[in-house]
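Below is one structure; the comments refer to it alone.
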Amino acid sequence: MTRPTVDETHDPARLSWVESANGHPDFPIQNLPLGVFSPVDTDERRIGAAIGDRILDLRAATVAGLIEGAASAVLGDATLNRTMGLGAAERLHLRRQLSKLLSDDTHRSQVEPLLHDTADCTLHLPAAIGDYTDFYVGIRHAENVGKLFRPDNPLLPNYKHVPIGYHGRASSVRASGAPVIRPNGQTKAPDAEAPSFGPAKRLDYELELGVWIGPGNDLGQPIPIERAMDHIAGFCLLNDWSARDLQAWEYQPLGPFLAKNFLSTVSPWVVTIEAMAPFFVAQDPRPEGDPQPLPYLWDEDDQASGALSIELEVHLSSAQMREGGQAPVRLSHGPAANMYWTVGQIVTHHASNGCNLNPGDLLGTGTISAPERDGFGSLIEITRGGADPIRIPGGERTFLQDGDEIALSARAQAPGRVSIGFGSCRGIVQPAPAV
Ligand code: CA
């Protein structure tokens with residue numbers, strides 16, 4: 001397994017001359033995530049790197065001759081697809097240059113004018129997403145949801161043998177902040193005589209991590225598990241908004257469709273796999289009695305260091321709470337360790353039949369839930385299918401109401417390391433269009 005290594009760019013002692021970066025919860029100099037932004041009052045799309053509460057314009061830095069190597073040929077693009085497609089060595093070379101430019105004073109006078117205040121900029125999707133696939137590796141979530149339907153047999157027999165996934169819809173993935181328009185759809189309550197069409201009543205969120213694909217594989221050429229990391233460019237947060245009432249009526253026999261494809265929200269910054277180097281940890285051992293995965297999914301190095309040390313959180317605020325100046329309520333918190341398959345295993349599985357992945361493709365992990373209720377990654381789990389509402393200031397919730405805002409957050413952490421965050425992944429629910 002080729003995996004990024006810890007180097008001087010992760011040095012906890014390294015500080016930036018961009019003051020807001022030092023101690024920044026998300027974007028200290030040890031992170032340097034990549035994204036696409038428009039400077040104030042323009043709709044031009046440029047590639048940038050987040051540093052504290054500012055963005056370094058990488059197109060301008062390249063034009064100024066401050067960045068060399070293969071990246072300099074692609075940083076003028078309006079998307080990160082070609083940057084993601086660079087090999088790991090070239091991405092690392094870029095990271096080392098950015099870390100140096102923003103930490104030592106040598107080029108400060110040239111670099112400082114190329115910084116923008118993030119608050120003045122618009123952030124976009126980082127890539128033109130060719131394909132989006134959502135997996136189902138959060139085993140606690142699979143058990144919780146399975147229990148609602150099959151109390152005695154929550155996991156189907158294939159779950160521990162094959163990473164379950166489905167092809168999602170790339171066209172409706174949006175960056176954080178995009179409105180969440182409540183979908184209309186066809187539903188049928190179990191006791192109703194006939195289906196009806198109208199606004200979804202059981203609108204939910206799903207807390208997931210996203211995996212951005214780097215270099216692709218040719219059609220017909222699988223990705224060996226030992227090489228899986230070479231094909232990952234970075235990570236983001238992903239909210240797979242879900243209409244549970246549409247889902248229950250439409251999902252058999254072919255799986256999720258209109259219940260899921262009306263919107264998926266991602267955090268706009270790509271936390272590169274190189275930035276994540278200190279935060280790869282051992283995968284939790286499989287419980288006694290679980291089947292050994294087939295050889296194509298098994299690699300000792302992947303088991304030893306293919307899991308992610310990331311803490312995840314979800315907050316909710318209603319329109320009433322925001323108007324009253326009340327802080328959001330935390331719905332859940334828990335570690336990403338509750339993934340039954342590693343990101344390497346899902347990449348390898350996806351390509352195992354020869355399916356080709358391309359730079360800028362997006363894979364979702366599936367909802368990540370911790371074992372206890374305060375770590376559940378969706379409302380259908382927290383409220384047990386709507387049977388057990390949660391209290392929030394000024395009311396209660398089973399599913400999302402118009403005006404509700406959901407914010408996901410993530411922090412990678414490891415002993416002795418500067419922790420890094422993923423930035424914002426939020427959306428506010430808007431009323432459904434009239435039918
Ligand atoms: Ca999902």
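The values are calculated or read from the model by the stated rules, or taken from the named source; none is laboratory data. Source: prediction; values computed, not measured. Cβ atoms come from the backbone with ideal geometry, glycine included; neighbour counts cover every protein chain shown. Protein only, heavy atoms only, side chains kept; ligands, DNA and RNA dropped before computing areas. Shrake-Rupley method; radii C 1.70, N 1.55, O 1.52, S 1.80 Å.
Computed with every protein chain present, the accessible area of F149 is close to 110 Å² [probe 1.4 Å].
In square angstrom, what is the accessible area per residue of region 132-430 with a 1.4 angstrom probe? Show your work: numbers first, answer last.
Details: 12030 Å² over 299 residues.
Counting only protein heavy atoms, the per-residue value for region 132-430 is 40 Å².
For K100, the aspartates and glutamates whose Cα comes closer than 14 Å to its Cα, not counting residues fewer than 8 places off in the same chain, are D7, E8, D11, E68, E112.
For region 260-359, the Kirkwood hydrodynamic radius comes to 17.0 Å, computed from all pairs of different C-alpha atoms.
Note on Q430/H333: beta-carbon distance plugged into 1/(1 + (r/R0)^6) with R0 of 30 Å gives a FRET efficiency of 0.65.
Once the 1.4 Å probe is applied to the protein heavy atoms, region 34-87 comes out at 37 Å² accessible per residue. Ranked from largest, the principal axis spans of the Cα set of the chain equal 72, 55, 39 Å. Hey, quick one: spin label on A78, modelled 7 Å out along Cα-Cβ, who in region 116-153 has an amide N within reach, i.e. under 17 Å? Those under the cut-off are 122-130.
Quick one: order E396, E8 from most to least accessible surface, probe 1.4 Å.
Ranking E396, E8 by accessible area, largest first, yields E396, E8.
Peptide packing for 28-39, 313-324, 201-212, 153-164 was compared via the average number of neighbouring C-beta atoms within 10 Å per residue; ordered from the highest value, the list is 201-212, 28-39, 313-324, 153-164. If you take the square roots of the eigenvalues of the alpha-carbon gyration tensor of region 308-435 and sort them as a ≥ b ≥ c, do you get rounded (a/c under 1.5), prolate (a/b over b/c) or oblate? Verdict is prolate for region 308-435.
Take E44: with every protein chain present and a 1.4 Å probe, its accessible area is about 70 Å². Per-atom-type breakdown for the chain gives carbon and sulfur 52% of the accessible area (1.4 Å probe, protein chains only). Applied to region 336-343, the Karplus parametrisation 6.51 cos²θ - 1.76 cosθ + 1.60 on θ = phi - 60° returns per-residue 3J(HN,Hα) values of 6, 5, 7, 9, 6, 10, 7, 5 Hz, with x for Gly and Pro.
The lysines within cross-link reach of K260, meaning a Cα-to-Cα straight distance under 29 Å and a gap of 8 or more places when in the same chain, are K147, K160, K188, K201.
Treating r as the C-beta distance of E372 and A189 and R0 as 41 Å, the FRET efficiency rounds to 0.85.
Within the shell defined by Cβ-Cβ distances under 11 Å, the residues around Q292 carry a net charge of +1, with Lys and Arg each +1 and Asp and Glu each -1.
A 1.4 Å probe over all protein chains sorts T5, T398 by accessible area into T5, T398, starting with the largest.
For L237, the residues 5 or more places off, or on other chains, whose built amide H falls under 5 Å of its own are G210, S267. Within the shell defined by Cβ-Cβ distances under 11 Å, the residues around Q283 carry a net charge of -4, with Lys and Arg each +1 and Asp and Glu each -1.
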